[in-house]
Amino acid sequence: MSNDCLSEDELKKLKNFAKDIKINAVKMTCKSGASHIGAILSLTDIVATLYGKILHYDVKNPKDENRDIFILSKGHAGVAQYCALAEIGMIEKKDLEGYYTYGSLLSGHVSHKVRGVEVSTGSLGHGLGLAVGIAYSFKLDKKSNQVYVLMGDGECEEGSVWEAVMLAVQLKLDNLHVIVDRNSMQALGDCKDIIDLDNLEERFKAFGFNVLSCDGHNFNELVNSLSVLCEHKPSVVVAHTIKGKGVSFMENNILWHYRNPNQEQAAQAIKELEDYYA
Ligand SMILES: Cc1ncc(C[n+]2csc(CCOP(=O)(O)OP(=O)(O)O)c2C)c(N)n1
C-alpha cells in the first residue's frame with residue numbers, strides 16, 4: 001500500500017499529533033515513574049491516525065450514538081490514548097499532569113472513567129471479545145457504527161483472542177477492524193522466543209479474516225489500510241512497528257518495556273522525537 005492518500009498538510013498534522021502524544025508520554029512517564037514507554041512509542045502513530053483520520057466522534061458528546069468505538073486492548077499503553085484525547089479536546093490537557101497519581105482518573109492502565117474511553121483494559125486478551133460483542137450489537141440494531149480494536153502481538157498469544165476471532169468471522173462482522181501493533185516484542189523478550197507468531201497475517205487469513213499489512217509508522221499506509229471495508233468479513237491490519245520508535249536508545253530495547261526515563265533521558269528522548277517528526 002504505497003499510494004499517498006494524505007495531502008502534505010494532512011500528513012504534517014498527523015506527524016505533529018503523534019509527536020505531541022509521544023513527547024507528553026515521555027514527560028508523563030518520567031514524572032510519574034510509570035512503565036511501558038516502549039509500548040507507547042510503538043503504537044502512537046496508529047493511535048494518532050485513528051483519532052486524526054479514521055474515527056467518527058463528537059468531542060462535545062463522547063456518548064454520541066453515531067460514534068465509532070475504539071478499544072485499546074493493549075491497555076498498558078493507555079498514556080497514548082489519554083494524550084490523544086487531550087489533543088482532540090475530549091479531556092483537559094492539564095489532567096495529564098495528574099497521570100498515575102493518587103486521586104487522578106488517569107490510571108496506569110487505561111480506564112473507562114476517563115472521558116472518551118469506552119472500556120478499561122490492561123488484562124490482555126479481552127479487548128477483542130468486547131469489540132466483537134459491540135460490533136454484533138450494532139449489526140442487530142442495523143447501525144453503521146464501526147468498531148476498532150488495537151492489540152499487541154504478544155497479546156495475540158492469549159487463547160481468548162482466537163475465540164473472539166472465530167466468532168467475529170462466524171457473525172460476518174464487517175464493521176469490526178482489528179489492528180495488531182506488530183513490534184515482535186513483548187514484556188520480557190521477543191515474541192518468537194516465547195510463542196512464535198510467525199506468519200501472523202496467514203494465521204488471521206486461515207481463520208477467515210480480511211487481512212492487510214502495513215508499515216505502522218507510515219501514515220499514508222495506515223490511512224489506506226484502515227479505510228478498507230470488506231463486505232461480510234472482519235478485517236485485521238497487521239501494522240509492523242518498532243518498540244520505542246523515535247528514540248534511539250529505546251528502539252527494540254526490551255528494558256524500556258518496564259523502565260521509565262529519568263530527567264536526562266527524557267530530555268534526550270524529546271530532542272530525538274522533535275527531530276524524528278520534523
Ligand atoms: C493477561 C495478562 N497477562 C500478562 C500481562 C502482563 N503484561 C503487560 S504488558 C505485556 C506484554 C504484552 O506484549 P504485547 O501485547 O506485544 O505488547 P507490547 O510488546 O507492544 O508492549 C505483558 C505480558 C497482562 N497485562 N495481562
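Condition first: under 14 Å from the mean Cα position of the chain (by Cα) and of a type in the set (A, V, I, L, M, F, W, C). Now tell me which residues in segment 44-67 satisfy that.
I46, V47, A48, L50, I54, L55
Output the residue which, of all residues in segment 183-194 that are out of contact with any Leu (no Cβ under 7 Å at 6 or more places or on another chain) and part of a helix (DSSP H, G or I), is most open to solvent (accessible area, probe 1.4 Å).
Out of the qualifying residues, it is K192.
Among the listed residues K63, K22, K15, identify the single one that is of a type in the set (K, R) and within 16 Å of the ligand (Cβ to nearest atom).
Going through K63, K22, K15 in turn, the sole match is K22.
Here is a list: V132, V117, V169, V180. Which entry is open to solvent by less than 10 Å² (accessible area, probe 1.4 Å) and over 29 Å from G33 (Cα atoms)?
V132
Here are E264, E274: which of them is in a helix (DSSP H, G or I), in contact with a helix residue (DSSP H, G or I) (Cβ under 8 Å, 6 or more places away or on another chain) and open to solvent by 50 Å² or more (accessible area, probe 1.4 Å)?
From the options E264, E274, the qualifying one is E274.
Of all residues in segment 29-78 being among the charged types (D, E, K, R) and in a helix (DSSP H, G or I), which is least open to solvent (accessible area, probe 1.4 Å)?
D45
So which of V165, V178 is within 20 Å of F138 (Cα to Cα), modelled with pLDDT of 95 or more and part of a strand (DSSP E or B)?
Step by step, each of V165, V178 is checked, and only V178 is within 20 Å of F138 (Cα to Cα), modelled with pLDDT of 95 or more and part of a strand (DSSP E or B).
A quick yes/no check of all residues on (1) touching a Cys at 6+ places or on another chain (Cβ under 8 Å); (2) closer than 24 Å to G52 by Cα; (3) touching a residue at least 24 places away in the same chain (Cβ under 8 Å):
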| position | (1), (2), (3) |
| --- | --- |
| Y136 | no, no, yes |
| Q170 | no, no, no |
| V178 | no, yes, yes |
| S184 | yes, no, yes |
| L197 | yes, no, yes |
| F204 | no, no, yes |
| G208 | no, no, yes |
| L212 | no, yes, yes |
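Please go through segment 150-188 and give me each residue that is near the ligand (Cβ under 10 Å from one of its atoms) and farther than 21 Å from G78 by Cβ, ordered by number.
Within segment 150-188, just S184 meets the criteria.
Among the numbered criteria (1) in contact (Cβ under 8 Å) with a residue 40 or more places away in the chain; (2) of a type in the set (A, V, I, L, M); (3) surrounded by fewer than 18 Cβ atoms within 10 Å (Cβ to Cβ), which single criterion is violated by I88?
Every condition holds for I88 apart from (1).
Here are K53, K27: which of them is touching a residue at least 40 places away in the same chain (Cβ under 8 Å) and closer than 21 Å to V180 by Cα?
K53
Within segment 238-245, identify whether any single residue is under 20 Å from H126 (Cα atoms), surrounded by 19 or more Cβ atoms within 10 Å (Cβ to Cβ) and of a type outside the set (G, A, S), and answer yes or no.
Yes, there is a match, as at least one residue in segment 238-245 is under 20 Å from H126 (Cα atoms), surrounded by 19 or more Cβ atoms within 10 Å (Cβ to Cβ) and of a type outside the set (G, A, S).
The values are calculated or read from the model by the stated rules, or taken from the named source; none is laboratory data. Everything quoted here is computed from the prediction, not taken from an experiment. All Cβ positions, even for glycine, are placed from backbone atoms using ideal geometry, and neighbour counts span all protein chains on display. For the accessible areas, the whole protein counts, side chains as well, though only heavy atoms, and no ligand, DNA or RNA atoms are used. Shrake-Rupley method; radii C 1.70, N 1.55, O 1.52, S 1.80 Å.
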